[in-house]
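Novice: Before we start, here is the structure in question, set down as structure tokens.
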Amino acid sequence: MKIKFTINFLIFALNVFLLFTSCLKQTAYANPVKGVDTDSLISIKSFRKLHTMGMIEAVKNSMVLEAVVVANDEHDNLYKSICIQDSTGGIVLMLEGTSLYQTFPVGALIRVHVQNLFLSDYRRMIQLVASVDTSSGLLVTTGIPVPLFSKFIKIIKDNSAIVPLLVSYKNLSDSLQGRLVKITNVEFSAADTILTFADKKNKVGASRSVKFCTGGTIYLRTSGYADFAGIAVPKNNGDIIGIYSVFNTEKQILLRDTSDILFRGKRCTGAAWLKNLPQ
């Protein structure tokens, strides 16, 4: 009888162990926040290499990112997040707040103390978050809470110069995620020029096809909550500045404001347009 009881207890204990190790629920703010200026400076490029797609990595070491804010929620095309970049790369920083642009304006140089935060990804877009929860079977992440902004983030100065990175279609890759880029000699597909950027009335986001006249397609993604969602898609040709993003295998660019669309030329014609097939 005693042997049978011991075996049953061991089986029960094993099941409990498997139950608790099969799910993850952790928060950065459950641990002490050090956030001192003696943290080791790490480039965003090197920091991103710590992440494996589909995985979650808790940042254990005392490290700091020093980067410039290149996009925020001022026009509601980003939600509870800002995009930051240094000379090596960019990343999305999740923050549990609204009107973030008032605290983190575009051009602000900040230091982010990343110890106890988590690296994750959503549809292959890498993000830096404050908590992860997979207990429901799905990955749920949240950003840094407002009361802890000052613990993790320090503003160094405002109005840093930002020059978008000029890229061609063939150079669009995951290494550009979260960076401010500029694409040239592009236009929206003819079918999309009769539409608006998104469905403002029903608050539904949309992707509009942007064609490179030399060949290739990227999608301009707009939230249904963006204040420019109801504006008509322009018909001309020119340049677009925005944040490079991905949604699974789809290459996307996120607009900060319609002033980042610099269309002054005529649409593509002739052989160049014939090459411009969906990729």
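Novice: Of all the residues that make up region 120-132, how many are buried (at least 22 other Cβ atoms within 10 Å of the Cβ) and outside any strand (DSSP E or B)?
Specialist: 1
Novice: Given the residues K235, K266, which is the only one that is touching a residue at least 24 places away in the same chain (Cβ under 8 Å), touching a helix residue (DSSP H, G or I) at 6+ places or on another chain (Cβ under 7 Å) and either loosely packed, with under 15 Cβ neighbours inside 10 Å or assigned by TED's automatic domain parsing to the domain that holds C83 (or both)?
Specialist: K235
Novice: Which residue pairs have Cβ atoms under 8 Å apart, sit 6 or more places apart or on different chains, and have a first residue in region 43-70 that is assigned by TED's automatic domain parsing to the domain that holds F118 and more than 13 Å from S175 (Cα to Cα) and a second that is in a loop (DSSP other than H, G, I, E, B) and of a type in the set (F, W, Y)?
Specialist: Hits for this filter: V69/F104.
Novice: Quick one: S135 ticks every box in (1) assigned to a loop (DSSP other than H, G, I, E, B); (2) farther than 22 Å from S245 by Cβ; (3) free of Cβ contacts under 8 Å to residues at least 60 places away in the same chain except a single one, so which number is it?
Specialist: (3)
Novice: For region 138-156, enumerate the residues that are surrounded by fewer than 16 Cβ atoms within 10 Å (Cβ to Cβ) and without any contact (Cβ under 8 Å) to a residue 60 or more places away in the chain.
Specialist: Passing the criteria: L138, V140, V146, P147, S150, I155.
Novice: Sticking with this structure for a sec: Within region 55-100, how many residues are among the charged types (D, E, K, R) and touching a Pro at 6+ places or on another chain (Cβ under 7 Å)?
Specialist: 1
Novice: Sticking with this structure for a sec: Please determine whether any residue of region 214-222 is assigned to a loop (DSSP other than H, G, I, E, B), under 23 Å from the mean Cα position of the chain (by Cα) and not assigned by TED's automatic domain parsing to the domain that holds D76.
Specialist: Yes, region 214-222 has at least one match.
Novice: Would it be correct to say that V106 is buried (at least 20 other Cβ atoms within 10 Å of the Cβ) and not in a loop (DSSP other than H, G, I, E, B)?
Specialist: no
Novice: For L41, indicate whether it is among the aliphatic types (A, V, I, L, M), more than 20 Å from S150 (Cα to Cα) and at pLDDT 95 or above.
Specialist: No: the conditions fail for L41.
Novice: With the condition kept exactly as written, say whether any residue in region 216-229 is crowded, with 20+ Cβ neighbours inside 10 Å, out of contact with any helix residue (DSSP H, G or I) (no Cβ under 9 Å at 6 or more places or on another chain) and polar (S, T, N, Q).
Specialist: Scanning region 216-229 turns up at least one residue that is crowded, with 20+ Cβ neighbours inside 10 Å, out of contact with any helix residue (DSSP H, G or I) (no Cβ under 9 Å at 6 or more places or on another chain) and polar (S, T, N, Q).
Novice: Here's something else I'd like to know. Which members of region 167-185 meet the condition of being more than 10 Å from D239 (Cα to Cα) and aliphatic (A, V, I, L, M)?
Specialist: Residues satisfying the conditions are V167, L172, L176, L180, V181.
Novice: Restricting attention to region 161-184, which residues are closer than 12 Å to C213 by Cβ and either small (G, A, S) or free of Cβ contacts under 8 Å to residues at least 60 places away in the same chain (or both)?
Specialist: S168, T184
Novice: Can you pull out the residues in region 158-182 that are part of a strand (DSSP E or B) and farther than 17 Å from Y101 by Cβ?
Specialist: L165, L166, V181, K182
Novice: Just name the residue that is modelled with the highest pLDDT out of those in region 269-278 that are at negative phi and loosely packed, with under 13 Cβ neighbours inside 10 Å.
Specialist: Among residues in region 269-278 that are at negative phi and loosely packed, with under 13 Cβ neighbours inside 10 Å, the one modelled with the highest pLDDT is T269.
Novice: I'd like the full set of residues that are within 11 Å of G89 (Cα to Cα) and in contact with a strand residue (DSSP E or B) (Cβ under 8 Å, 6 or more places away or on another chain), limited to region 164-180.
Specialist: Listed by number, the residues that qualify are L165, D174, L176, Q177, G178, R179, L180.
Novice: Here is a further query. Considering (1) at pLDDT below 95; (2) assigned to a strand (DSSP E or B), say which one G238 fails and leave the rest.
Specialist: Among (1) at pLDDT below 95; (2) assigned to a strand (DSSP E or B), G238 violates only (1).
Novice: Then there is this: Any idea which residue in region 167-215 is farthest from D76 (Cα to Cα), counting only those that are of a type in the set (D, E, K, R) and touching an Asp or Glu at 6+ places or on another chain (Cβ under 7 Å)?
Specialist: Across region 167-215, the extreme among qualifying residues is K211.
Novice: Could you please find all residues in region 109-119 being surrounded by 19 or more Cβ atoms within 10 Å (Cβ to Cβ) and either part of a strand (DSSP E or B) or charged (D, E, K, R) (or both)?
Specialist: Across region 109-119, the qualifying residues are I110, V112, H113, F118, L119.
The values are calculated or read from the model by the stated rules, or taken from the named source; none is laboratory data. The structure presented is a predicted model; accordingly, all values stated were derived computationally and were not measured. Counting neighbours? That spans all protein chains shown, and the Cβs are built from the backbone with ideal geometry, glycine included.
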